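Colleague: Next up is a structure, given as structure tokens.
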């Protein structure tokens, strides 16, 4: 199927060139990008080979734009009345990004997801269970709607305990699950504790995303063994870009970028120069179908290793990423599918004026990473007993996570002269 869709690299690049021209022609009304492109002297006739003339887009620039032009920023190509979808990140970079989509842009993302499901051989005869809390996070909604559009019975799992989710899977003869890799392992552990026989389910495929793992052989093998041989299929995407990659049908350690819908680059994160195939670099993406709120040369912070040129053994000419997403250029801890960054937590905690100092304790509990926070009351704090609840509430609002917070005596936490080490493994 992949080989027939794109029969050569040249065909792919001609398609990208045409779609890039069409995208650039829509941006005259986009205040965020029109000024940047004008300054760079870039018009709609830009050759694909000169894509480097478009400046990189940094996440912080989008954050700053939305702060300055609240609530949605200026990366909107059409009047606000054209937009029908609202999504928001969990604020793990310190500020929750709000993203609007037109019906056309949303449908483009559903089509990207349809390619992911097709490659995973998931279709109208499947019954999919989505083991997520359906917050305003884009990935959950696009995956769910794309599966329903395919004709598959789509079952939401928000607001349920793990044991309840397992029972629903068995009672409804679920054949495929969408979740994070660590949650797939956690479900297997809960099944063991509850005396639930996973062989009583019909789950044969597990589509994972949200964190590294699905393309890591040891993690993938452990999930598959826990789920009686169910096949694990990796995928990744971002709120800022939409669904990006699909699992290679032939090589389980490889993700292919949907290059018919994206222009992908791999750069040295320090210099911004292209990274040769076989070396680790940062993935940069230009989405070609999300005209309502596009991302041009967006630096994803995802670390990848691009394969060499040529046709993959699966027949695809699209960029192959060995090992999937290898990590991030910035530090983070993934907790129940939500990536927590030190800077994000620091911003939330430091916005509580009664906190004098704090520490984040990171612990691996079975297959799930968990964090807890200790806070010291500041000198001006008048209600230390209510401080923990105040911080906990703010963290919950920002990250949609329940993070335990406890108050410790003033002066009990370490101070640092140089760079602080507040994140402690225990």
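Colleague: Among the residues of the stretch 54-72 satisfying the criterion of being assigned to a loop (DSSP other than H, G, I, E, B) and within 21 Å of the chain's Cα centre (by Cα), which is surrounded by the fewest Cβ atoms within 10 Å (Cβ to Cβ)?
Modeller: Per the criteria, the residue is 58.
Colleague: Which of the strands (runs of 3 or more DSSP E) found entirely inside the stretch 191-269 contain at least 1 residues meeting this: over 26 Å from residue 141 (Cβ atoms)? Please lay out each step first, then the result.
Modeller: Working: elements: 205-208, 231-234, 245-247, 254-257, 262-267.
Qualifying strands (runs of 3 or more DSSP E): 254-257, 262-267.
Colleague: Would you pick out the residues in the stretch 242-253 that are within 14 Å of residue 304 (Cβ to Cβ) and surrounded by fewer than 24 Cβ atoms within 10 Å (Cβ to Cβ)?
Modeller: Of everything in the stretch 242-253, just one residue is within 14 Å of residue 304 (Cβ to Cβ) and surrounded by fewer than 24 Cβ atoms within 10 Å (Cβ to Cβ), namely 253.
Colleague: Okay, next question. Does residue 113 fit the bill of being in a helix (DSSP H, G or I), touching a residue at least 60 places away in the same chain (Cβ under 8 Å) and either within 15 Å of residue 66 (Cβ to Cβ) or not assigned by TED's automatic domain parsing to the domain that holds residue 75 (or both)?
Modeller: So residue 113 fits the description; yes.
Colleague: Quick check, is residue 78 in contact with a helix residue (DSSP H, G or I) (Cβ under 9 Å, 6 or more places away or on another chain) and without any contact (Cβ under 8 Å) to a residue 40 or more places away in the chain? Steps first, answer last, please.
Modeller: Values: in contact with a helix residue (DSSP H, G or I) (Cβ under 9 Å, 6 or more places away or on another chain): yes; without any contact (Cβ under 8 Å) to a residue 40 or more places away in the chain: no.
Spelling it out, it is not the case that residue 78 is in contact with a helix residue (DSSP H, G or I) (Cβ under 9 Å, 6 or more places away or on another chain) and without any contact (Cβ under 8 Å) to a residue 40 or more places away in the chain.
Colleague: When the residues of the stretch 378-398 are filtered to those that are touching a strand residue (DSSP E or B) at 6+ places or on another chain (Cβ under 6 Å) and modelled with pLDDT of 85 or more, which remaining residue is farthest from residue 360 (Cα to Cα)?
Modeller: 387
Colleague: Just for strands (runs of 3 or more DSSP E) wholly inside the stretch 289-353: which have at least 1 residues that are in contact with a helix residue (DSSP H, G or I) (Cβ under 9 Å, 6 or more places away or on another chain)?
Modeller: Numbers: elements: 298-305, 320-322, 333-335, 338-340.
Because the criterion is at least 1 residues that are in contact with a helix residue (DSSP H, G or I) (Cβ under 9 Å, 6 or more places away or on another chain), the strands (runs of 3 or more DSSP E) in the stretch 289-353 that meet it are 298-305, 333-335, 338-340.
Colleague: On the given criteria, is residue 273 surrounded by fewer than 17 Cβ atoms within 10 Å (Cβ to Cβ) and in the same structural domain as residue 51 (by TED's automatic domain parsing)? If you could, list the steps in order and put the result at the bottom.
Modeller: Values: surrounded by fewer than 17 Cβ atoms within 10 Å (Cβ to Cβ): yes; in the same structural domain as residue 51 (by TED's automatic domain parsing): yes.
So residue 273 fits the description; yes.
Colleague: Keeping to the stretch 38-52, report how many residues are assigned to a helix (DSSP H, G or I) and over 27 Å from the mean Cα position of the chain (by Cα).
Modeller: Residues meeting the conditions: 5.
Colleague: Next up: What single numbered condition from (1) surrounded by 14 or more Cβ atoms within 10 Å (Cβ to Cβ); (2) touching a helix residue (DSSP H, G or I) at 6+ places or on another chain (Cβ under 7 Å); (3) at pLDDT below 95; (4) farther than 30 Å from residue 396 by Cα fails to hold for residue 34?
Modeller: All conditions are met except number (3).
Colleague: If residue 53 meets every condition in (1) in contact with a helix residue (DSSP H, G or I) (Cβ under 9 Å, 6 or more places away or on another chain); (2) touching a residue at least 24 places away in the same chain (Cβ under 8 Å) apart from one, which number is that one?
Modeller: All conditions pass for residue 53, except number (2).
Colleague: Output the residue which, of all residues in the stretch 173-190 that are in a loop (DSSP other than H, G, I, E, B) and under 22 Å from residue 142 (Cα atoms), is modelled with the lowest pLDDT.
Modeller: Result: 180.
Colleague: A follow-up question, please. Is it true that some residue in the stretch 81-92 is touching a strand residue (DSSP E or B) at 6+ places or on another chain (Cβ under 9 Å), surrounded by fewer than 22 Cβ atoms within 10 Å (Cβ to Cβ) and at positive phi?
Modeller: No, the stretch 81-92 contains no residue that is touching a strand residue (DSSP E or B) at 6+ places or on another chain (Cβ under 9 Å), surrounded by fewer than 22 Cβ atoms within 10 Å (Cβ to Cβ) and at positive phi.
Colleague: Residue 23 is checked against (1) over 23 Å from the mean Cα position of the chain (by Cα); (2) touching a residue at least 24 places away in the same chain (Cβ under 8 Å); (3) part of a loop (DSSP other than H, G, I, E, B) and fails just one. What number does that condition carry?
Modeller: With (1) over 23 Å from the mean Cα position of the chain (by Cα); (2) touching a residue at least 24 places away in the same chain (Cβ under 8 Å); (3) part of a loop (DSSP other than H, G, I, E, B) applied to residue 23, the lone miss is (3).
Colleague: Can you find a residue that is assigned to a strand (DSSP E or B) and either out of contact with any helix residue (DSSP H, G or I) (no Cβ under 9 Å at 6 or more places or on another chain) or touching a residue at least 12 places away in the same chain (Cβ under 8 Å) (or both) anywhere in the stretch 376-392? Working first, answer last.
Modeller: Here is the first cut: in the stretch 376-392, the residues assigned to a strand (DSSP E or B) are 376-377.
Still in the running and either out of contact with any helix residue (DSSP H, G or I) (no Cβ under 9 Å at 6 or more places or on another chain) or touching a residue at least 12 places away in the same chain (Cβ under 8 Å) (or both): 376-377.
Yes - at least one qualifying residue is present in the stretch 376-392.
Colleague: Condition first: in a loop (DSSP other than H, G, I, E, B) and crowded, with 16+ Cβ neighbours inside 10 Å. Now tell me which residues in the stretch 278-288 satisfy that.
Modeller: 288
The values are calculated or read from the model by the stated rules, or taken from the named source; none is laboratory data. Just so you know, these numbers come straight off a predicted model, no measurement behind them. All Cβ positions, even for glycine, are placed from backbone atoms using ideal geometry, and neighbour counts span all protein chains on display.
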